[in-house]
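Working notes, structure below.
The values are calculated or read from the model by the stated rules, or taken from the named source; none is laboratory data. Owing to the predicted nature of the structure, the values given are computational and were not obtained by experimental measurement. As a convention, Cβ positions derive from the backbone with ideal geometry for all residues, glycine included, and neighbour counts pool all protein chains shown.
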Amino acid sequence: MLLPAADVKKVETSTSSRGYSMALRTILHYPDKRLRELAQPVNRFDGDLAKLVADMAETMYAAPGVGLAAPQIGVSMRIFLVDVATGEDQPSDLRTFVNPVFLERVGEVRCEEGCLSFPGVHEEITRAERVAVRALDAEGQRFELEAEGLLAIAIQHEHDHLEGKLMVDHLSLLRRRLVHRAMMKRAAG
Ligand SMILES: [Zn+2]
């Protein structure tokens, strides 16, 4: 997910604390069909997964975005990252969600959203105001989280990607057509 005023510092290719080098992955753009696939549950928490998560973080910060789901880099796995601490002085608040499920979705809120798979597009979307989620972290440890505000919106946006659902699916037919046309124009260069 992307904020209109996202102010995330760019991160150069670097080495993680575990010693493997990270790499920027290519972010797929709408209407790439891979964005429509239902992502598969993760069942192995090994070095490959750690590397994938590190690459996703690097790619998200470089974009810059406040969230990134594995299907957006062509990996059909139920993983997404969120870091909504966008201020320059704010410490990073990176959270990894593996095999996430919603325990609760309460209320309704409208917020302008962007998406790294829809460059240049910002649309108002209705989401639940508060959510409770159960997921595994990158090491396979289970956690539960209650979220509201931007974090809750980012979690819902990224979870949609695991279902093959995209921000246009939340729009009216008219808005959806306009976004589709803009994206096709962009793809045509
Ligand atoms: Zn997105």
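If you go through region 20-58 and pick out every residue that is more than 18 Å from Arg186 (Cβ to Cβ), outside any loop (DSSP other than H, G, I, E, B) and not basic (Lys, Arg), you end up with 13.
In the set (1) closer than 19 Å to Val82 by Cβ; (2) touching an Asp or Glu at 6+ places or on another chain (Cβ under 6 Å); (3) of a type outside the set (A, V, I, L, M), Arg110 fails one condition alone, (1). Given the structure, is Arg142 within 20 Å of Val42 (Cβ to Cβ) and of a type in the set (D, E, K, R)? Taking the combined requirement at face value, the residue satisfies it. Looking only at residues in region 106-119 that are part of a strand (DSSP E or B) and more than 13 Å from the ligand (Cβ to nearest atom), the one that is farthest from Tyr61 (Cα to Cα) is Val106.
Checked against (1) assigned to a helix (DSSP H, G or I); (2) touching a Cys at 6+ places or on another chain (Cβ under 9 Å); (3) of a type outside the set (Phe, Trp, Tyr), Gly65 meets all criteria but (1).
Conditions (1) surrounded by 21 or more Cβ atoms within 10 Å (Cβ to Cβ); (2) aromatic (Phe, Trp, Tyr); (3) within 17 Å of Asp137 (Cα to Cα), marked per residue:
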position	(1), (2), (3)
Arg25	no, no, no
Ala57	no, no, yes
Gly67	yes, no, yes
Ile79	yes, no, yes
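The listed residues are Met60, Met56, and the only one of them that is in contact with a strand residue (DSSP E or B) (Cβ under 7 Å, 6 or more places away or on another chain), at pLDDT 95 or above and more than 21 Å from Val168 (Cα to Cα) turns out to be Met56.
All conditions but one from (1) of a type in the set (A, V, I, L, M, F, W, C); (2) more than 16 Å from the ligand (Cβ to nearest atom); (3) in contact with an Asp or Glu (Cβ under 7 Å, 6 or more places away or on another chain) apply to Val53; the one that does not is (3).
When every residue of region 41-50 is checked against the conditions, none turns out to be buried (at least 16 other Cβ atoms within 10 Å of the Cβ), under 16 Å from the mean Cα position of the chain (by Cα) and not small (Gly, Ala, Ser). Restricting attention to region 176-189, the residues that are surrounded by 14 or more Cβ atoms within 10 Å (Cβ to Cβ) and modelled with pLDDT of 95 or more total 6. Considering region 74-105, and only residues there that are assigned to a strand (DSSP E or B) and of a type in the set (Val, Ile, Thr), the residue that is farthest from Met60 (Cα to Cα) turns out to be Val101.
Counting the residues of region 79-99 that are away from the ligand (no atom under 15 Å from the Cβ) and either modelled with pLDDT of 95 or more or not small (Gly, Ala, Ser) (or both) gives 11.
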